[in-house]
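S.K.: Would you mind keeping the following structure in view while I ask a few things?
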Amino acid sequence: MAKAKDTIENRVYLFESLASSYVAAASEALGSEDPAVRERVRRALAELAYISCVVSDTGHLPPEQVRERVLGPPGPEAPPPGPSKGRGRR
């Protein structure tokens, strides 16, 4: 049972860290009068919660497999996973 408790604690700590940074950056959007803006912020927080769970639960996997679990399998239009050496640099 300690294993499950550790996983839950890892999820909470990771989410707390990610969400804290995001909320600090998006604080104006959180208080927006526009419901669509607030909804985008809530959806982003939900994604951070999901990512926190996946990352905490897959510590035994290599990074490539964790990435695939977070993003899902690449679609036909997606570039193959791998290093992005030189992308965006000139």
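S.K.: Pairs needed: first member in region 15-36, under 16 Å from GLU47 (Cα atoms); second member anywhere, modelled with pLDDT of 90 or more and of a type in the set (Ser, Thr, Tyr); C-beta distance under 6 Å; at least 6 residues apart or different chains.
M.R.: PHE15/SER52
S.K.: Of everything in region 60-78 that's open to solvent by 70 Å² or more (accessible area, probe 1.4 Å) and outside any helix (DSSP H, G or I), which residue is nearest to THR7 (Cα to Cα)?
M.R.: The residue in question is HIS60.
S.K.: Further question on the same structure: Hey, can you tell me all the residues within region 19-45 that are open to solvent by less than 60 Å² (accessible area, probe 1.4 Å) and assigned to a helix (DSSP H, G or I)?
M.R.: Within region 19-45, ALA19, VAL23, ALA29, ALA36, VAL37, VAL41, ALA44, LEU45 meet the criteria.
The values are calculated or read from the model by the stated rules, or taken from the named source; none is laboratory data. Keep in mind it's a predicted model, so treat the numbers as computed, not measured. A quick note on method: Cβ atoms are made from the backbone with ideal geometry, for glycine too, and the neighbour counts reach across all protein chains shown. For the accessible areas, the whole protein counts, side chains as well, though only heavy atoms, and no ligand, DNA or RNA atoms are used. Shrake-Rupley method; radii C 1.70, N 1.55, O 1.52, S 1.80 Å.
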